[in-house]
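K.L.:
First the structure, which I've put down as structure tokens, then a few questions once you've had a look.
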Amino acid sequence: MYILGLNAYHGDSSACVLKDGKLIAATEEERIRRIKHWAGFPIEAIKFCLKEAGISIEEVDYITISRDPSANLQKKILHTIKKGVSLNTLVSRFTNSRKVSNVKEELSNALNIPISKIKAEVKNIEHHRSHLASAFFVSPFDEAALLSIDGFGDFTSTMTGTGKDNQITVLDTVIYPHSLGIFYTSFTQYLGFDSYGDEYKVMGLAPYGEPTYLKELEDVIHLLPNGLFELNTAYFKHAKEGVTMAWEGGYPTIEAIFSDKMVEKFGRLRIKEEELTQEHINIATSVQRMTENVIFHILNYLHKKTGLDNLCIAGGVAQNSVANGKILQNTPFKNVYVPSAGHDAGTALGSALYFYNHELKKPRVEPIWHAYTGSNFSDEEIETILKYEKENKEEAKNIEYQILSNEELYKTVVDSILDAGVIGWFQGSAEFGPRALGNRSILVDPRRTDAKELLNEKIKRRESFRPFAPSILEEYVEEYFEGADKVPFMEKVYPIRKEKHSVIPAVTHVDGTGRLQTVSASTNPRYHKLIDTFREKTGVPILLNTSFNENEPIVNTPQEALNCFLRTKMDILVLGNIVVRRK
Ligand SMILES: [Fe+2]
């Protein structure tokens, strides 16, 4: 049985294919369209997933989409009547909803196949149930407490529940206009980071300040005795006036959500590119701290209610790796699973799993500990591409390449890293989810004190306050990190042991933490071997890993990797077993 799962007409649109409940392929549309967070119908991702599964759309049994326009309809209407205010947001979401119900028509047009030939039934799965399923059904737990938390989806911002075997039970929800995601996004905009998905910048900034605005924030968001929370809507525009959001055919945008009252309370907002003052930084610190407090409040209540020690979390707010890393310390939960695509792209997979496991009551297949379900190319394909580019592209004329054995490859790459090299490392299947996890990565020596300058000079211009991440062999986690467990998807931040700060300065954030990826030999043997070769030479089982891109989505194909190499001052480019250099 084939299920095509979709996240469509929403940020980070994506597709996946399940065969008898097993994940065959999954990718974000942005990787193929080359526009970050691309929102719309993910036709290129669909084509890729069908190709990987070796099937055509006619062979798909079910199409699941992670939106249910009928979900919470009564609440939507009630809210509309009660408020009697501008319905900009709701209207745009309803128009959007009509599209959600025309998936087959859209597929038929895009694939040029008569609609009568698409026999698949289309199933709408509520956004947050999709988030919950995207975590629980691929987690290692038979039973777990569940939390989905984000900006909004299907009029809901937060959903708690429990999962047992192949069933999910919803316990509580927080509905529009109350949203922890909106709270975080509003302050992100207020601090001058106005692009969709900029929240991680506030998280990166937070360790530089003091949480001096917590008192003020207590008036903005309230913890409730029922284990949930509410916003003071006077600080926001979305509830009363509506906020324009664009979700179709490109980069998603959201108009400023904060109201004048927020500016009165917190002082002048920061204009983009303006210098960050200590006050701005302290607001970031306070917002991050308050967000953590709200998450722990929800989780402590959830633990009390369920008595379960295992936890699965997903949703945009669950991308807050700093908060995720503090869950074990601040709640009674003992194990936490966050999927590689915990953001909206992951709802494509979640909707498919929810339908297969929960609705069809099929047994769960297997936990997922890797994210490598995207584009992939053989060495032969890569060589053909390189030959073509060399012959046809002016900029590529000056490259030379060598095909190496595995042993030679690891040695060559490590030698280059030791020689202050910045390495483009393109291997196997691309990652599903926002993090590069060793298959589409740029690698640098983590022991360098000038790594930031090196990367800025050779590749990326980015804010100086943002940290770089360490990939560490999972066998050595204890030696370098305090209290860290398995972190396969860079989804949690943990403190680096004090005595190691000076050993790996390039990946130690200002507060002594690191957003680590634990690398296992079973899920990524090549990356594991490369880091181990570096360890043999240096004694340090870690590499600095940043995503392979330059102001664009992560590279998806060898051509894009080569273009990035040619545009920048990257030292060597490694595509499979092929090493590319400038002559
Ligand atoms: Fe979401």
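K.L.:
Which of the residues spanning the stretch 514-544 are acidic (Asp, Glu) and without any contact (Cβ under 8 Å) to a residue 24 or more places away in the chain?
P.N.:
Taking the stretch 514-544 first, the residues acidic (Asp, Glu) are 532, 536.
Hit for the stretch 514-544 is Glu536, nothing else.
K.L.:
Could you tell me whether the stretch 481-495 includes any residue that is part of a strand (DSSP E or B) and either in contact (Cβ under 8 Å) with a residue 60 or more places away in the chain or aromatic (Phe, Trp, Tyr) (or both)?
P.N.:
Checked the stretch 481-495: at least one residue is part of a strand (DSSP E or B) and either in contact (Cβ under 8 Å) with a residue 60 or more places away in the chain or aromatic (Phe, Trp, Tyr) (or both).
K.L.:
Further question: Only one residue in Val510, Val579, Val503 is crowded, with 20+ Cβ neighbours inside 10 Å and either over 20 Å from Asn456 (Cβ atoms) or not acidic (Asp, Glu) (or both), so which one is that? Even if it seems obvious, please write down each step before you answer.
P.N.:
On the way: Val510 fails: crowded, with 20+ Cβ neighbours inside 10 Å; Val503 fails: crowded, with 20+ Cβ neighbours inside 10 Å.
Result: Val579 is the single residue among Val510, Val579, Val503 that is crowded, with 20+ Cβ neighbours inside 10 Å and either over 20 Å from Asn456 (Cβ atoms) or not acidic (Asp, Glu) (or both).
K.L.:
What are the pairs with Cβ atoms under 8 angstrom where one residue, in the stretch 42-60, is of a type in the set (Asp, Glu) and the other, located anywhere, is surrounded by fewer than 19 Cβ atoms within 10 Å (Cβ to Cβ) and part of a helix (DSSP H, G or I)? Sequence gap at least six, or different chains.
P.N.:
From residues that are of a type in the set (Asp, Glu), the pairs are Glu58/Lys117.
K.L.:
If you don't mind, there's one more thing I want to ask. Please specify each residue of the stretch 245-281 satisfying the condition of being of a type in the set (Ser, Thr, Tyr) and either open to solvent by less than 30 Å² (accessible area, probe 1.4 Å) or not in a loop (DSSP other than H, G, I, E, B) (or both).
P.N.:
First, pick out the residues of the stretch 245-281 that are of a type in the set (Ser, Thr, Tyr): 251, 253, 259, 277.
Listed by number, the residues that qualify are Thr253, Ser259.
K.L.:
Any residue at all in the stretch 55-64 that is open to solvent by 50 Å² or more (accessible area, probe 1.4 Å), in contact with a helix residue (DSSP H, G or I) (Cβ under 6 Å, 6 or more places away or on another chain), at negative phi and modelled with pLDDT of 95 or more?
P.N.:
yes
K.L.:
Within the bounds of the stretch 382-393, is there any residue that is at pLDDT 95 or above, away from the ligand (no atom under 16 Å from the Cβ) and under 21 Å from the mean Cα position of the chain (by Cα)?
P.N.:
no
K.L.:
Quick one: Ile32 ticks every box in (1) assigned to a helix (DSSP H, G or I); (2) at pLDDT 95 or above; (3) out of contact with any helix residue (DSSP H, G or I) (no Cβ under 6 Å at 6 or more places or on another chain) except a single one, so which number is it?
P.N.:
Here Ile32 meets the rest and fails (3).
K.L.:
Can you list residue pairs whose Cβ atoms sit under 6 Å apart, with the first residue in the stretch 296-325 being closer than 21 Å to Ala348 by Cβ and the second being more than 16 Å from the ligand (Cβ to nearest atom)? Count only pairs 6 or more apart in sequence or on different chains.
P.N.:
Cys312/Ser139; Cys312/Ala144; Cys312/Tyr337
K.L.:
Separate question: Residues Gly204, Gly192, Gly227, Gly197: which one is in contact (Cβ under 8 Å) with a residue 24 or more places away in the chain and closer than 22 Å to His297 by Cβ?
P.N.:
Every option except Gly227 fails the conditions.
K.L.:
Look at the stretch 108-131 and say how many of its residues are in contact with a helix residue (DSSP H, G or I) (Cβ under 7 Å, 6 or more places away or on another chain) and under 30 Å from Asn335 (Cβ atoms).
P.N.:
Summing the residues that are in contact with a helix residue (DSSP H, G or I) (Cβ under 7 Å, 6 or more places away or on another chain) and under 30 Å from Asn335 (Cβ atoms) in the stretch 108-131 gives 5.
K.L.:
Does the stretch 481-500 hold any residues that are modelled with pLDDT of 95 or more, open to solvent by less than 60 Å² (accessible area, probe 1.4 Å) and under 25 Å from the mean Cα position of the chain (by Cα), and which are they?
P.N.:
Result: Phe481, Val487, Pro488, Phe489, Met490, Glu491, Lys492, Val493, Tyr494, Pro495, Ile496.
K.L.:
What is the number of the single condition among (1) open to solvent by 40 Å² or more (accessible area, probe 1.4 Å); (2) in contact with a Gly (Cβ under 8 Å, 6 or more places away or on another chain); (3) assigned to a helix (DSSP H, G or I) that Glu536 does not meet?
P.N.:
(2)
K.L.:
Then there's this: Looking only at the stretch 1-17, filter to residues that are in a loop (DSSP other than H, G, I, E, B) and open to solvent by 10 Å² or more (accessible area, probe 1.4 Å); which one of those is nearest to the ligand (Cβ to nearest atom)?
P.N.:
From the stretch 1-17, those in a loop (DSSP other than H, G, I, E, B) are 1, 8-13; that's our starting set.
Narrowing further to those that are open to solvent by 10 Å² or more (accessible area, probe 1.4 Å): 1, 12.
Numbers: Met1: 26, Asp12: 9 Å.
For the stretch 1-17, the residue satisfying everything is Asp12.
K.L.:
Kindly indicate whether Arg289 is charged (D, E, K, R) and open to solvent by less than 30 Å² (accessible area, probe 1.4 Å).
P.N.:
Details: charged (D, E, K, R): yes; open to solvent by less than 30 Å² (accessible area, probe 1.4 Å): no.
It is false that Arg289 is charged (D, E, K, R) and open to solvent by less than 30 Å² (accessible area, probe 1.4 Å).
K.L.:
A follow-up question, please. Report yes if some residue within the stretch 101-123 is over 20 Å from Glu230 (Cβ atoms) and within 16 Å of the ligand (Cβ to nearest atom); otherwise report no. Outline the logic, then answer.
P.N.:
In the first step, residues of the stretch 101-123 are kept if they are over 20 Å from Glu230 (Cβ atoms); the result is 101-123.
Narrowing further to those that are within 16 Å of the ligand (Cβ to nearest atom): none.
No, there is no match, as no residue in the stretch 101-123 is over 20 Å from Glu230 (Cβ atoms) and within 16 Å of the ligand (Cβ to nearest atom).
Each row is one residue, and each column tells you yes or no for (1) hydroxyl-bearing (Ser, Thr, Tyr); (2) without any contact (Cβ under 8 Å) to a residue 12 or more places away in the chain; (3) closer than 15 Å to Thr306 by Cβ.
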{"site": "Phe155", "(1), (2), (3)": "no, no, no"}
{"site": "Gln167", "(1), (2), (3)": "no, no, yes"}
{"site": "Asp172", "(1), (2), (3)": "no, no, yes"}
{"site": "Gly181", "(1), (2), (3)": "no, no, no"}
{"site": "Ser186", "(1), (2), (3)": "yes, no, no"}
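K.L.:
I'd like the full set of residues that are in contact (Cβ under 8 Å) with a residue 12 or more places away in the chain and more than 27 Å from Arg526 (Cα to Cα), limited to the stretch 462-480.
P.N.:
Glu463, Ser464, Phe465, Arg466
K.L.:
Follow-up question, since we're still on this one. Answer yes or no as to whether Glu44 is in a helix (DSSP H, G or I), within 16 Å of the ligand (Cβ to nearest atom), charged (D, E, K, R) and open to solvent by 10 Å² or more (accessible area, probe 1.4 Å). Let's see the steps before the verdict.
P.N.:
Details: in a helix (DSSP H, G or I): yes; within 16 Å of the ligand (Cβ to nearest atom): no; charged (D, E, K, R): yes; open to solvent by 10 Å² or more (accessible area, probe 1.4 Å): yes.
The answer is no for Glu44.
K.L.:
What about Leu353, is it within 30 Å of Thr373 (Cα to Cα), of a type outside the set (Val, Ile, Thr) and away from the ligand (no atom under 16 Å from the Cβ)? Working first, answer last.
P.N.:
On the way: within 30 Å of Thr373 (Cα to Cα): yes; of a type outside the set (Val, Ile, Thr): yes; away from the ligand (no atom under 16 Å from the Cβ): no.
It is false that Leu353 is within 30 Å of Thr373 (Cα to Cα), of a type outside the set (Val, Ile, Thr) and away from the ligand (no atom under 16 Å from the Cβ).
K.L.:
Can I ask one more? Is there a residue in the stretch 256-263 that is within 21 Å of His10 (Cβ to Cβ) and modelled with pLDDT under 95? Talk me through it step by step, then tell me what you get.
P.N.:
Of the stretch 256-263, the ones within 21 Å of His10 (Cβ to Cβ) are 256-257.
Applying the additional criterion that residues be modelled with pLDDT under 95 yields 256-257.
Yes, some residue in the stretch 256-263 is within 21 Å of His10 (Cβ to Cβ) and modelled with pLDDT under 95.
The values are calculated or read from the model by the stated rules, or taken from the named source; none is laboratory data. Note that the structure is predicted; figures quoted are calculated from it, not measured. Counting neighbours? That spans all protein chains shown, and the Cβs are built from the backbone with ideal geometry, glycine included. Ligands, DNA and RNA are stripped out before the accessible areas are found, and what is left, the full protein with its side chains, is counted by its heavy atoms. Shrake-Rupley method; radii C 1.70, N 1.55, O 1.52, S 1.80 Å.
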